[in-house]
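Every number in this text was worked out from the coordinates using simple rules, so none of it is lab data. Keep in mind the model is a prediction, meaning the values are calculated, not measured. Every residue, glycine as well, gets a Cβ built from its backbone with ideal geometry; the counts of neighbours run over all protein chains shown.
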Amino acid sequence: MPGKKEVKNNEVPRAAKGMRDLLGKEYYAYQGFFEKASEISAYYGFKPIETPILEETRLYTSGVGESTDIVEKEMYEVKSKGNSQLSLRPEYTAGVIRAYIENGMQSYSQPVMLYYYGNCYRHERPQKGRFREFRQFGLEVLGTEKSIADAIVIKVAMTILDEAGHKDLSLQINSIGDKACRGNYKKELVNYYKRHLNSACKDCKIRAKNNPLRLLDCKNPKCQPIKEAAPQSVAYLCEACKQHFKEVLEYLENLKIEYTINPSLVRGLDYYTRTVFEIVSKTKLKETGAEAKEVAGEEKPVESVEADPPATMGLALAGGGRYDYLAKAIGNKKDVPGIGVGIGVDRVVMSETFNENLVPRILKKPKVFFIQLGFSAKLHSLAIIEILRKAKVPLLQSLSKDSLGTQLSTAEKLKIPYTIILGQKEVIDGTVIVRNMDNRSQEEIKVEKLADYVKKLK
């Protein structure tokens, strides 16, 4: 066949296109990142999970969406000897929610907070910083609708990237609503695009019929003016979604995380709802010689759902969002609210600013349990947790619990010697209460002196 490279029988096989070996220094760089990311995630309460590389294909067709580029164009599908339809995982979240349901995690104390690291596979065009086999580190919080879950996922992801050497991060964020309000938005979006379809690309004409939100994913230059003037999802949010998004932004502001509301950001998977976001860096990728090259006879590249933002915005290192309806989509009887983020490890490690001196640290048994009472306290809690993390003070906390008694009981069961209590009064005063769980004595401590005080506790 024209364009096909003839392979001789005695020729040593090479790594498949878009896949590569990791050796020596590069391997250790990936491992160093994984250990640092795991350490930070574990500190914030995330537990490890490993899911199979092969999953039933229907998990992705029903969960990710049949009309997405991943399912239509990019999945590696396998037919087993028993004629089972399987696929190499193109992303992690659908498999994690499947594991959550299959392993009865609904009976666990909620939320269930998980982190993972491993390989994913997409048959897309290999290019600099983008491979068909790529490594992903991710976080998922399952079982809570609370806005603090969105904030903690974003905060931890940005902390991981910061300590991996990225000091110039920017956050692009949007809310695409839920079932109660997204229908109205889709109608307005379709009506708007109907007036402009003659000027749109071929793919957008199909998306307008099959999957309207994907119109905002289009990277074709001829569609950009249309997209920029399109109706914005935030203008159609119901009151519940407005409040949720408002709270997420309040958390970010209190954490001093700068953000830009990007009205065209929808992410490329059908399961997203409410909060969606991307974390972008201005860094460039190193010239490593590992970049995949196009070869004669290679199929034309498909438009990727993970395509980079405009060059002026930078390099996309992570992205995610909320997926409150994914569990039902894959066949569960009940919805399971969730929020997650995936970090593109290849890009992180291959960037010019990557910290090659990452040294893993083994976490000790927690010395304190951090109790937060109400929204105002939770709003300020992540900043305090970060102070203690930097001071290397191990802790546990329960982000979805508001009851003082429940949280004290949890600390007692875990035999944690001290609790830090933050309520509305303490927020106003800039203090916390540190309680000795053995003798019940307690002391009011200024936040700025907390790290030094706790480090001296025996």
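Here the scattering of the stretch 368-455 is modelled by Debye summation over its C-alpha atoms, one equal scatterer each and no solvent; at q = 0.11, 0.14, 0.26 Å⁻¹ the log10 of I(q)/I(0) is -0.25, -0.41, -1.58.
Counting DSSP beta bridges in the stretch 368-455, what percent are antiparallel, to the nearest 5? So the antiparallel bridges amount to about 55 percent of the total.
Projected over every direction and averaged, the convex hull enclosing the alpha-carbon atoms of the stretch 98-204 yields 11.1 nm². For the chain, the Cα gyration tensor yields ellipsoid semi-axes of 40, 27, 21 Å (square root of five times each eigenvalue, largest first, whole Å). Diffusion of the stretch 182-245 by Stokes-Einstein, at 4 °C in a medium of 1.567 mPa s and with Rh set to the Kirkwood radius over alpha-carbon pairs, works out to 106 µm²/s. In terms of surrounding Cβ atoms within a 10 Å radius of their Cβ, Asp150, Asp203, Asp168 rank from fewest to most as Asp168, Asp203, Asp150. Over the Cα atoms of the stretch 393-435, each weighted equally, I'd like the Debye log10 I(q)/I(0) at q = 0.31, 0.32 Å⁻¹, rounded to two decimals. So the normalised log intensities work out to -1.25, -1.27. With neighbour counts taken as other beta-carbon atoms within 10 Å, the residues Thr51, Thr273 rank, fewest first, as Thr51, Thr273. Short-range pairs are left out: with C-alpha atoms under 8 Å and at least six residues apart, the relative contact order of the stretch 368-455 is 33 percent. Exposure proxy for Ile416, Ile279, Ile387: other Cβ atoms within 10 Å of each Cβ, ordered fewest to most, give Ile387, Ile416, Ile279.
With θ taken as phi - 60° and the Karplus curve 6.51 cos²θ - 1.76 cosθ + 1.60 applied, the whole-hertz 3J(HN,Hα) list for the stretch 413-419 is 4, 7, 6, 8, x, 9, 10 Hz, x standing for glycine and proline. With contacts taken as Cα pairs under 8 Å at a separation of at least 6 residues, the chain carries a relative contact order of 19 percent. The calculated 222 nm mean residue ellipticity attributable to helices in the chain amounts to -9500 deg cm²/dmol, summing -39500 (n - 2.57) over DSSP H runs of n ≥ 4 and dividing by all residues.
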